[in-house]
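The values are calculated or read from the model by the stated rules, or taken from the named source; none is laboratory data. The structure displayed is predicted, hence computed values, not measured ones. Here Cβ is always computed from backbone atoms with ideal geometry, including for glycine, and neighbour counts include all displayed protein chains.
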Amino acid sequence: MAHHPIFTETIFSEELFLLPQKTVLIFDIEWNLLSDEEQGLLKKILNALNLNLDMVTVHYQPQLNLAELPTQPNHCIYFGQSVAGLAAYEVLEIKGTRLVMSDRLTHLLTHDESKKKLWQALQKQFRK
């Protein structure tokens, strides 16, 4: 059966089928190297944002490169070594992606001031 263009345009013209993009988490160390404490902290951070691990996509990149992601996310959180020229704990807008860069989770476990800065940045990042 041939598809008539009018029917296709009429049936699929609404954006009902567009699924929201997942938030992307990028780590500069591999996921299996994260300790239970680090994963626990991550779960607390995500929970505070009304997210969980099933609602995010996790990527490993030894050096941050948003261009290597398979899709362009709306929100991205980077946990890793600082990147020259990019400020940590601030919301950065890069080609439509709202990025917050943070220290590694292991650092956040023992540095409350860094955790506080991250939380302030994430609140701004996810503000509608």
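Quick one: would you say residue 108 is under 19 Å from residue 52 (Cα atoms) and in contact (Cβ under 8 Å) with a residue 60 or more places away in the chain?
yes
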Quick one: how many residues across the stretch 111-128 are touching a residue at least 40 places away in the same chain (Cβ under 8 Å), farther than 17 Å from residue 39 by Cα and part of a helix (DSSP H, G or I)? 2
Flagged in the stretch 19-59 as out of contact with any Gly (no Cβ under 8 Å at 6 or more places or on another chain) and aromatic (Phe, Trp, Tyr), in numbering order, are 31
So if I check each of 25, 64, 51, 41, which one is over 20 Å from residue 88 (Cα atoms), buried (at least 16 other Cβ atoms within 10 Å of the Cβ) and in contact (Cβ under 8 Å) with a residue 24 or more places away in the chain? 51
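Matching residues to (1) assigned to a loop (DSSP other than H, G, I, E, B); (2) farther than 21 Å from residue 120 by Cβ:
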site	(1), (2)
25	no, no
29	yes, yes
37	no, yes
67	no, yes
71	yes, yes
82	yes, no
98	no, no
Give me a count of the residues in the stretch 101-114 that are buried (at least 18 other Cβ atoms within 10 Å of the Cβ) and touching an Asp or Glu at 6+ places or on another chain (Cβ under 7 Å). 1
(1) touching a helix residue (DSSP H, G or I) at 6+ places or on another chain (Cβ under 7 Å); (2) on the phi < 0 side of the Ramachandran plot; (3) at pLDDT 95 or above: which one isn't true of residue 120, the others all being true? (1)
Quickly run through the stretch 68-88 and pick out the residues that are within 14 Å of the chain's Cα centre (by Cα), aliphatic (A, V, I, L, M) and farther than 17 Å from residue 114 by Cβ. 69
